[in-house]
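Heads up, the thing below is written out as structure tokens.
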Amino acid sequence: MMTQRKIIHLDMDCFYAAVEMREHPELAGQPIAVGGGSRRGVVTTCNYEARKFGVRSAMPGFQARERCPDLIFLPVRFDLYRAASAKVRQILLSYTPLVEPLSLDEAYLDVTGLDRYAWDIAKEIRKRIFEETQLTGSAGIAPNKMLAKIASDWRKPNGQFAITPDQIETFVRDLPVRKIWGVGPKGAEKFEQQGIRTCGDLQKIELPEMVRRHGKWGQELYQLCRGLDDRPVEPNRIRKSLSNECTFLDNLTTLEECQRELDKLVDELEQELSAKALDRPVHKAFVKVKFADFTRTTRECVSLSPTRETYRALLAEAYKRSPQPVRLLGSGVRFSEDTEEERSSFQQLLSLVNPIV
Ligand SMILES: [Mg+2]
């Protein structure tokens, strides 16, 4: 049996907005949003003052302004956020080389090998981050990645929360399925229609039935809804693409139907992009189609800022491949590889901290 892991998920509090607040002390106490000021823009991040009015990330700027007329819109300045992020990462890497960044403001750390309480490490990390950047972050501490990420949300902002191995069962029982890693709003909705709200509800489904309903993902789901997750922390993982997909209860039988569903997926993808990867240049767009007989096809094209039309054209091409009804659609982007620079500077940083790497 493997040793029990100790994972910390660190999540900076409204990161872009926090950096801007640090740079603009005169705006203290005022609601601010980063991004969303242009006609078609969406809010990337907003501070807690703005959240009180119901402003949220990925919300169109005009809607944010409706909810909060005094909202101050600031332009996105990635250079600043990258610099702050690099400082945070440097602090994290001074504890362990096992740091997996998820985005500029989030990372997992595997501190299993350190001979200290993970709770104390997280506390010290947050203190040092504040001293060196004047920014606050929240931490989740748990035996695995999924639970650590959930836990970091629990005492936000500027707090931390731990889930110990003996608390997992109780913690997970009432946890909404939406919180399971990999279950999106769509998936949660579908579960809801089947009367499944919590992980406890999901646990009542036996493994063979889970696999019958969800395929390979069913096996993972069976583990995840019990709070079990054995994905390791991967220090060199850099996200190369972002995508979503949807399996339909009833197969889609016409191109028009497919287009309607694809439009929804593309809208969601755009929101997710602005929330998670706005700093990454998009290089390609792709569409995935799985047919009723389980054959699948992917169509992609070079596009720096794909639109609904881009995806519709790809879908039309993919659709021609088979006369079968469609059971799954997916949309996605691949990021350009000019993150090489980022990767090598990260490697350099790693080698400074840990000469063996
Ligand atoms: Mg954050």
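Read the figures in this text as sums done on the coordinates, not as results from a lab. None of these values were measured; they are calculated from a predicted model. Backbone-built Cβ (ideal geometry, glycine too); neighbour counts: all protein chains shown.
Our Cα-only numbers for the range 182-224 put the radius of gyration and Dmax at 9.6, 25 Å. The alpha carbon centroids of the range 1-78 and the range 207-262 are separated by 29 Å.
The helix-only estimate of mean residue ellipticity at 222 nm for the chain, built from DSSP H runs of length n ≥ 4 each weighted as -39500 (n - 2.57), is -12000 deg cm²/dmol after division by the residue total. Quick one: work out Rg over Rh on the C-alpha atoms of the range 151-289, Rh as Kirkwood radius. My calculation of the ratio gives 0.99.
With each label modelled as a point 7 angstrom along the Cα→C-beta vector, the residue 154-residue 170 pair spans 1.1 nm. Solvent-free Debye calculation, one equal scatterer per alpha-carbon of the range 1-102: log10 I(q)/I(0) at 0.10, 0.23, 0.24 Å⁻¹ equals -0.35, -1.15, -1.21. Checked against a 32 Å cut-off, the cross-linked pairs 6/288; 204/290; 149/216; 149/190; 190/320; 52/186 give Cα-Cα distances beyond that limit for 6/288. Shown here are the Rg and Dmax of the Cα trace of the chain, at 21.5, 62 Å. The range 241-338 has equivalent-ellipsoid semi-axes of 24, 13, 11 Å, by the square roots of 5 times the alpha carbon gyration tensor eigenvalues, sorted largest first.
Using the Karplus relation 6.51 cos²θ - 1.76 cosθ + 1.60 with θ = phi - 60°, the per-residue 3J(HN,Hα) values for the range 58-73 come to 6, 7, x, x, 5, 5, 4, 5, 4, 6, 9, x, 8, 4, 9, 8 Hz, with x marking Gly and Pro. With a simple spin-label model that places each label point 7 Å from the Cα along the Cα-to-Cβ direction, the separation between residue 294 and residue 317 comes to 2.8 nm.
Classified by the C-alpha gyration tensor, the range 34-191 has an oblate form. Its axis ratio a/c, with a ≥ b ≥ c, is 1.5 or above, and a/b does not exceed b/c. Distance between the pseudo-spin-label points of residue 336 and residue 40 (7 Å out from Cα toward the beta carbon): 1.9 nm.
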